[in-house]
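Colleague: Mind having a look at this structure? Questions to follow.
The values are calculated or read from the model by the stated rules, or taken from the named source; none is laboratory data. Just so you know, these numbers come straight off a predicted model, no measurement behind them. Counting neighbours? That spans all protein chains shown, and the Cβs are built from the backbone with ideal geometry, glycine included. In case anyone asks, the SASA skips ligands and DNA or RNA and just uses the protein heavy atoms, side chains included. Shrake-Rupley method; radii C 1.70, N 1.55, O 1.52, S 1.80 Å.
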Amino acid sequence: MKDLTQGPVGRLLVATAVPIAIGMLFQTLYLLVDLYFVSGLGDAAIAGVSSAATASFVILALTQMLGVGTVALVAHAVGRKDQATANLVFNQSVLLSAVCGVLTLVAGFALTRAYVSLVAADTPAAAAGAAYLYWYTPGLALQFALVALGSALRGTGIVQPTMVVQMLTVIVNAVLAPVLISGWLTHHPFGTAGAGLASSIAVAFGVVLLWIYFARLEHYVSLRPDMLRQPVWPLIRRILNVGLPAGGEFFMMFIILGVIYWVIRGFGPAAQAGFGIGGRMMQALFLPVMAVAFAVAPVAGQNFGARQYGRVRETFRAAATLSSVLMLVITLVCQWRPEVFVYPFSRQPDVVAVGAPYLRIISWNFIATGLIFTCSGMFQALGNTWPSLLSSASRLLTFALPVVLLSRLPHFSLMQVWYLSVVTVTLQALTSIGLLLREFRRKLAVPPAAAGGAPGGALPVAPGSDAQ
C-alpha cells in the first residue's frame, strides 16, 4: 500500500500517472498492432474491425462500472486506514468480475453478427468485423478479471505491477498478431479472426500474471475464499452505485460512436476506415491525459477518505492544469501534420482524405476533453459519479440526435459531423466543471471536526474477516 495523503500533491499525481500512462500506452498498442496487420487485408477489413471494435465500448463501460467502484471504495478505506474493508471490497469485486465475464461470453456469441451487420458499411466489412469480434469475445470477458485485480491495486496506490503486466501482454499480442492474421511462419492466415484470437490469448496471459502476483506478492489486499463464496449485497450496491454511472459514461461513448458509424456508412468503407484510424490514433494521443485522470481517483480518493479536503481541491487544480498543457501540445501537433498519424496504417488517398481532416478538426476540442477526463476522475474520488454520467448523457441531445437529423438532409457531409462534435464536447466540458464545483460545495465544505465519521459511512465486513 502507498500512502497518498502525505507529500506534495503534484508530485504524487505525476508519480502515479506515469506508470498508468505507460501501461495504457501498451494497452492501446493492442488496438494499433491489430490495426497495423489488419490494414494489409484491405479497406473492408479495416472498416469491419474498426466498426466491430466499437462493441468493446460496451465492455469498457461494464469494466469501468466494476473498476471505478473498486478504486473509489478501496481508496476511501485506505485513507481511513481500514484494511479489512479494503480487502472485502477487493474480493467482492473479483466475484462480480466472474459473473460479468460469463454474461459477456453469452451475449458476445449471441449478438455479434446482428450488431456488426447494423453498423458495417457493406457485406465484406460485416464479415470481417464479425470474424474479429467472435474471436475477441473471450478476451473481452477476461477484461473484467484484469480490471478487478488492477483497480484494487490502484486504490491502494500501487500501479507498477499492472503496468508491467500490460507491457508483457502487448508483447504477446505483437508476436501472435502477424502469425495469426497473416500466417507468418505457419502459412495459415486467419485474417481478422486471427486479430481477435491474438488479443484474447494476450488478455488471458495478463490475467494469469496478475493472479500469480496477488497469490505470491500482494499482502494489503488478497484473495480470500471466505470473502469470495457469497455476495455481500450492501457492499455490492455501493460498488455499483459508484461504478454504474461511470460505466454509463462509456456506454454513451459506445452509442455516439455507433451513431457516427451508422450515419457515415453511406460514404463507403474508405470513410469508415479513415474514421476508424483517426479514432484509434486519437485514443493513443489521449493517453497522457487519461493517465492523469486515472491518477486523480486514488490520490484525491485517499485524501477524501482521510478528510483532507484542501488536498482534494489541490489535486483537481494540479490535474486540470497538467491535462490542459498536455492537450494543447497534442492539438498543435494535429494542426500541423495530422496525416502522419494515418500513414502508418493506410496511404490510400480516400482513407487519408477522411482520417487527416478528422484529426485536424476534432483536435480543437482536445483541451475540453482533458477537462472532462479530469472532472470524471474527481467525481470518482468523491464517490459520486452520477454528475459525470449526466454530463455525458447531455451529448445524446446535443450531438447524437442532431447528427441523425443532419444525415437525412441534402448535402450532408462528414465535416458537419466533426464540427458538431467539437461544439458539443465544449458544452459537455462546461457542464462537467459546473457539476464538479457544485459537488465540491456539497462534500468539501464540512469542517473535518464536524464530518461525523468516514465519508459514506462504514462498509460491512464479512464474518471471519480481519485486518491482515
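Colleague: Answer yes if at least one residue in the stretch 71-82 is modelled with pLDDT under 85, hydrophobic (A, V, I, L, M, F, W, C) and in contact with a Ser or Thr (Cβ under 6 Å, 6 or more places away or on another chain), and no otherwise.
Modeller: Checking the stretch 71-82: not a single residue is modelled with pLDDT under 85, hydrophobic (A, V, I, L, M, F, W, C) and in contact with a Ser or Thr (Cβ under 6 Å, 6 or more places away or on another chain).
Colleague: Give Trp364, Trp386 a once-over and let me know the one that is aromatic (Phe, Trp, Tyr), at pLDDT below 90 and open to solvent by 40 Å² or more (accessible area, probe 1.4 Å).
Modeller: The match here is Trp386.
Colleague: Let me ask something else. Based on what the data block shows, is Arg311 open to solvent by 30 Å² or more (accessible area, probe 1.4 Å) and either free of Cβ contacts under 8 Å to residues at least 12 places away in the same chain or not in a helix (DSSP H, G or I) (or both)?
Modeller: No: the conditions fail for Arg311.
Colleague: Also, quick follow-up: Would you point out the residue of the stretch 334-358, among those that are among the hydroxyl-bearing types (Ser, Thr, Tyr) and either within 15 Å of Phe267 (Cα to Cα) or open to solvent by 20 Å² or more (accessible area, probe 1.4 Å) (or both), that is modelled with the lowest pLDDT?
Modeller: The extreme case among them is Tyr343.
Colleague: In the stretch 344-385, which residue that is of a type in the set (Gly, Ala, Ser) and part of a loop (DSSP other than H, G, I, E, B) is nearest to the chain's Cα centre (by Cα)?
Modeller: Once the filter is applied, the top-ranked residue is Gly383.
Colleague: Hey, another quick one. Need the failing condition index for Val99 against (1) in contact (Cβ under 8 Å) with a residue 12 or more places away in the chain; (2) in a helix (DSSP H, G or I), just the number.
Modeller: (1)
Conditions (1) crowded, with 24+ Cβ neighbours inside 10 Å; (2) farther than 16 Å from Ser51 by Cβ; (3) within 17 Å of the chain's Cα centre (by Cα), marked per residue:
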site: Ala128; (1), (2), (3): yes, no, no
site: Leu140; (1), (2), (3): yes, no, yes
site: Gly155; (1), (2), (3): yes, yes, yes
site: Pro161; (1), (2), (3): no, yes, no
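Yes/no per residue for (1) touching a Phe, Trp or Tyr at 6+ places or on another chain (Cβ under 9 Å); (2) over 20 Å from Val299 (Cα atoms); (3) among the β-branched types (Val, Ile, Thr); (4) touching a residue at least 40 places away in the same chain (Cβ under 8 Å):
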position	(1), (2), (3), (4)
Val18	no, no, yes, yes
Val49	yes, yes, yes, yes
Ala77	no, no, no, yes
Asn91	no, yes, no, yes
Leu95	no, yes, no, yes
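Colleague: Could you run through the stretch 415-437 and say how many residues are open to solvent by 30 Å² or more (accessible area, probe 1.4 Å) and among the hydrophobic types (A, V, I, L, M, F, W, C)?
Modeller: 7
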